[in-house]
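Chemist: Right, I'll just put the structure down here and ask away after.
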Amino acid sequence: KTIIKTNEQLKSVLKDNKVIVNDKELYGRRDKKSDKEKILKTINKKIISEGKEIEVIDYNIVLLKHAQSFGKETLSRAYSNKNGNKTELSRDGYMFRGRGLKQITWKINYKAFSDYRKNNPFPDDPEGYIDFTKVTN
C-alpha cells in the first residue's frame, strides 16, 4: 500500500527516521527501468504473536526516481526561490529556464525582455503587449 504524504509530513518522517536522500540519486540519470525505485530504509515494529515478541516490517521508505533527468522537477528545484521565481512546487524554475538566442533565464529576466519588446516591437509583432511571464494558449 502506498501512502501519500505532504512535503511537511515527508520531511518529518525522513528526519525522525534519520533518512538521507541524495539529490544525485533522486534527479540523476537512470539507465534501467528497474532502477525506478530504491528502498532507503525499512521501519520495523515489535508485536506479540502467540506469546512471543517478534519484529515485523511496519513500512518501507522508498525513493521513487523522477521519470526524466533534467526535466520539470530538476529545473524547478535548481531555479527555485531566486530572481523572481517562486518555490519548487510552483514550477517557475522549469517555466523560466534558459531559452532563446539570448538564453533568458529567471522570471525577472523574462519580465525585462517583455518590457523591452513592448518598447521595441518587431514589425511583424501581433498587436498589443506580449507578457512572456504569463502562461497562455
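Laboratory data are not the source of any read-out in this text; all were calculated from the coordinates shown. Quick caveat, the model's predicted, so the values are computed rather than measured. Backbone-built Cβ (ideal geometry, glycine too); neighbour counts: all protein chains shown.
Chemist: For the pair ILE3 and LYS38, how long in nm is the line joining their label points, each one 7 Å along Cα→Cβ?
Modeler: 2.3
Chemist: What net charge is computed for the residues neighbouring ASN17, neighbours being all others with C-beta under 13 Å from the C-beta of ASN17, Lys and Arg scored +1, Asp and Glu -1?
Modeler: Combined, the nearby Lys, Arg, Asp and Glu give +4.
Chemist: Then there is this: Which far-off residues, 5 or more places away or on another chain, put their amide H under 5 Å from the one on ILE104, with H placed in the peptide plane?
Modeler: ARG99
Chemist: Same structure, new question: Would you grab the residues whose amide H sits under 5 Å from the one on THR87? Only those 5+ places off in sequence or on another chain, please, with H modelled 1.01 Å from N.
Modeler: Placed amide hydrogens put ASN81 under 5 Å from THR87.
Chemist: Would you mind putting 81-94, 109-122 in packing order, based on average other-beta-carbon counts within 10 Å, highest first?
Modeler: The packing order, highest mean first, is 81-94, 109-122.
Chemist: Cβ neighbours within 10 Å, averaged per peptide: list 126-132, 49-55 in order, most packed at the top.
Modeler: Packing order, densest peptide first, comes out as 126-132, 49-55.
Chemist: Under 20 Å from a point placed 7 Å out from the Cα of SER49 along the Cα-to-Cβ direction: which residues of the stretch 1-21 have their backbone N that close?
Modeler: Correct set: 1.
Chemist: Could you list which residues have their amide H under 5 Å from that of TYR59, counting only those 5 or more apart in sequence or on another chain, with H placed in the peptide plane?
Modeler: ILE43
Chemist: Distance check, please: which entries in LYS15/LYS82; LYS107/LYS134; LYS1/LYS52; LYS38/LYS82; LYS1/LYS41; LYS11/LYS111 exceed 22 angstrom between their Cα atoms?
Modeler: Details: LYS15/LYS82 26 Å; LYS107/LYS134 10 Å; LYS1/LYS52 27 Å; LYS38/LYS82 31 Å; LYS1/LYS41 16 Å; LYS11/LYS111 34 Å.
With Cα atoms farther than 22 Å apart: LYS15/LYS82; LYS1/LYS52; LYS38/LYS82; LYS11/LYS111.
Chemist: Per-residue HN-Hα couplings for the stretch 53-60, Karplus 6.51 cos²θ - 1.76 cosθ + 1.60 at θ = phi - 60°, whole Hz, x for Gly and Pro?
Modeler: Karplus values, whole Hz, x for Gly and Pro: 8, 10, 9, 10, 6, 7, 6, 10.
Chemist: To the nearest 0.05, what FRET efficiency results for ASP16 and ASP58 with a Förster distance of 22 Å applied to their C-beta separation? Write out the running numbers ahead of the final one.
Modeler: On the way: r = 13 Å, r/R0 = 0.58.
In this case the efficiency is close to 0.95.
Chemist: Using the Cβ atoms and a cut-off under 12 Å, what net charge is assigned to the surroundings of THR105, where Lys and Arg are +1 and Asp and Glu are -1? Don't skip to the answer; put the middle values down first.
Modeler: On the way: positive: LYS82, ARG97, ARG99, LYS102, LYS107; negative: ASP92.
Its environment carries a net charge of +4.
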